Amino acid sequence: MNATPASGAGGQEAVQRSLENLASRLEKTRGLRDGHALLHLSGAGGGTYVLSTQRGEAAVSRSEAGAVRSDEPPVVEVMGDAETVRAILDGEIDARERFLQGGLQVRGDLRYLSDVALELGLLKHPL
């Protein structure tokens, strides 16, 4: 599958669609827990996205930089290129390989991220 570069508003729409699809899939996972993940994405389609999960439901929102406020720290934070993250979520590139190459930075509960990513099929092997 060829990745189509995300640019401008269309890039944000593509990233938003991929994240909304992820949220829908997350609601069906056994390992889902309450909390939120922050995605700090650069490049075309970039921005700060919040993926919130509560009581088995997941939602995505785009936030202004620095506007994310919560009493709880994020379970996971992901930093990287928006097109790379979109391509990972859409199954176009291998998440683990890109992570090991330094294409993404991740902090937080890596075991939880790995378990959920395995269940979703985003990873073939745990981190």
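No lab work stands behind these numbers, since they all come straight from the coordinates. Worth saying up front: this structure is predicted, and the values here are computed from it rather than measured. Using ideal geometry, Cβ is built from the backbone for each residue, glycine included, and neighbour counts are taken over all protein chains shown.
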* Please work out if GLY80 is within 16 Å of SER18 (Cβ to Cβ) and assigned to a loop (DSSP other than H, G, I, E, B). => no
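So which residues in region 75-112 are in contact (Cβ under 8 Å) with a residue 60 or more places away in the chain and under 12 Å from the mean Cα position of the chain (by Cα), if there are any at all? Explain how you work it out, then say what you get.
From region 75-112, those in contact (Cβ under 8 Å) with a residue 60 or more places away in the chain are 82-83, 85-87, 89-93, 108, 112; that's our starting set.
ALA82, GLU83, VAL85, ARG86, ALA87, LEU89, ASP90, listed by residue number.
What's the total number of residues in region 101-127 that are in a loop (DSSP other than H, G, I, E, B) and of a type outside the set (A, V, I, L, M, F, W, C)?
So in region 101-127, the residues in a loop (DSSP other than H, G, I, E, B) come out as 101-103, 109, 121-127.
Narrowing further to those that are of a type outside the set (A, V, I, L, M, F, W, C): 101-103, 109, 121, 124-126.
The total comes to 8.
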* **Criterion violated by PRO74 - all others in (1) of a type outside the set (Lys, Arg); (2) part of a loop (DSSP other than H, G, I, E, B); (3) under 16 Å from GLN16 (Cβ atoms) satisfied** => (3)
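Confirm whether ARG25 is surrounded by fewer than 15 Cβ atoms within 10 Å (Cβ to Cβ) and touching a residue at least 40 places away in the same chain (Cβ under 8 Å). Quick ask: steps written out before the conclusion?
On the way: surrounded by fewer than 15 Cβ atoms within 10 Å (Cβ to Cβ): no; touching a residue at least 40 places away in the same chain (Cβ under 8 Å): yes.
Against the criterion (surrounded by fewer than 15 Cβ atoms within 10 Å (Cβ to Cβ) and touching a residue at least 40 places away in the same chain (Cβ under 8 Å)), ARG25 does not qualify.
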* Taking SER61 as meeting all but one of (1) in a strand (DSSP E or B); (2) buried (at least 16 other Cβ atoms within 10 Å of the Cβ); (3) among the small types (Gly, Ala, Ser), write down the number of the exception. => (2)
* **Residue count for region 39-58, restricted to those that are surrounded by 15 or more Cβ atoms within 10 Å (Cβ to Cβ) and within 14 Å of GLU20 (Cα to Cα)** => 7
